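Below you'll find the structure, written out as structure tokens, and then a few comments.
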Amino acid sequence: MNYQSNTQENSDLEHFHLQLFSAEGEMNRLPERFIQSYIHLLFCLEGEIQFQFSPMYSRSLREGMVFMVYQPDRDLSYKPIKDWSGKVVWLSVSIETLHSLFVPDANSFPLMNPEFTNRVYYEEKRISAELYPVLQSIHHFPSNQNAQRLYFKAKAMELMSLFFSSGESQKEGCPFLNDEETVRKIKQAKTILMDQYANPPLLTELAKQIQLNEFQLKTGFKQVYGTTPYQFVLEYKLELAKRKLQTAQYSVNEVADSIGYTNVSHFIEAFKRKYGSTPKKLIPK
């Protein structure tokens with residue numbers, strides 16, 4: 001597993017490569033090629049990334065989409081964009097490993113059939129609701145290196161299982177999301193929650209603001225972002241708290257108050273449940 005952001009940690013897994021990239025207005029280098037005979041799954045959780053394959057051809061990967069690349073005969077090089085803002089999970093698995101894990105079935109997925117081993121394959125589709133919680137959880141890996149190896153291998157297996165077993169029927173799970181206007185309103189709800197994280201609106205109020213009913217809001221938000229509005233804003237607040245603590249400019253009480261906690265003990269409990277340590281331990285000495 002390779003982890004890249006402002007810092008980098010490495011732990012190799014045989015036949016699996018799980019990489020996490022996050023960038024916030026800084027130059028962040030992605031790999032410069034897709035390795036041959038590996039299936040590459042790029043999940044874009046935030047932002048947008050552009051891949052320049054030649055002067056005449058480029059391809060963008062947008063938020064909420066997954067891009068699959070399989071190049072059997074040679075490495076596929078590209079020029080990565082240096083300035084981008086977003087979050088990506090990149091899973092690579094050898095074709096031999098994939099065939100050993102799944103029973104070949106051309107009807108469920110062409111690459112499962114050995115006949116396709118020597119054929120180029122590309123696909124882009126929306127990240128399913130089932131995949132979002134797994135993708136988000138990958139970013140909260142354990143600090144112990146021995147535990148990390150098992151954790152990332154389990155997550156890689158879980159991602160492959162869900163990705164390759166998902167079919168077109170999942171697109172019917174939330175039919176009103178086929179409406180672009182509804183998707184726009186769901187994204188508007190996310191923006192409102194991020195802007196008002198310290199004192200977020202109630203679900204009824206949020207639904208009224210974006211002009212959807214509560215069922216559409218709850219179901220649609222889960223489908224697009226893989227979590228509930230309440231859980232999303234909680235995760236967002238705690239991530240902001242973590243960043244503030246790491247600057248060593250604020251006390252635990254100040255951080256708790258800034259993200260809307262009136263009871264600091266409740267903040268400490270939520271923080272410890274998410275990150276496995278108390279907020280005070282994250283403040284640099």
**Report entry** Charge dipole (debye, nearest 20) of the stretch 174-275; +1 at Cβ of Lys and Arg, -1 at Cβ of Asp and Glu
**Finding:** 280 debye
Report task. Any lysines with Cα under 16 Å of the K237 Cα? List them, leaving off those in the same chain fewer than 8 positions away. Result -> K190, K272, K274
**Report entry** For L91, net neighbour charge (Lys/Arg +1, Asp/Glu -1) across residues whose Cβ lies under 13 Å away
**Finding:** +1
Query raised in the report: Any idea which of Q211, Y250, T182 is furthest toward the positive side of the dipole for the stretch 178-275, if Lys and Arg beta-carbons carry +1 and Asp and Glu beta-carbons -1?
Result: Y250
Query raised in the report: Considering only the other residues whose Cβ falls under 10 Å of the Cβ of F67, what net charge follows from Lys and Arg at +1 and Asp and Glu at -1?
Result: +1
Query raised in the report: If each residue's Cβ is checked for other Cβ atoms within 10 Å, how do S58, S128 rank with the fewest at the top?
Result: S58, S128
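Computed from the coordinates by the stated procedures, all read-outs in this text should not be read as laboratory data. Here the structure is a predicted model, which is why all the values come from computation and not from measurement. Glycine also receives a Cβ, built like all others from the backbone with ideal geometry; neighbour counts cover every protein chain displayed.
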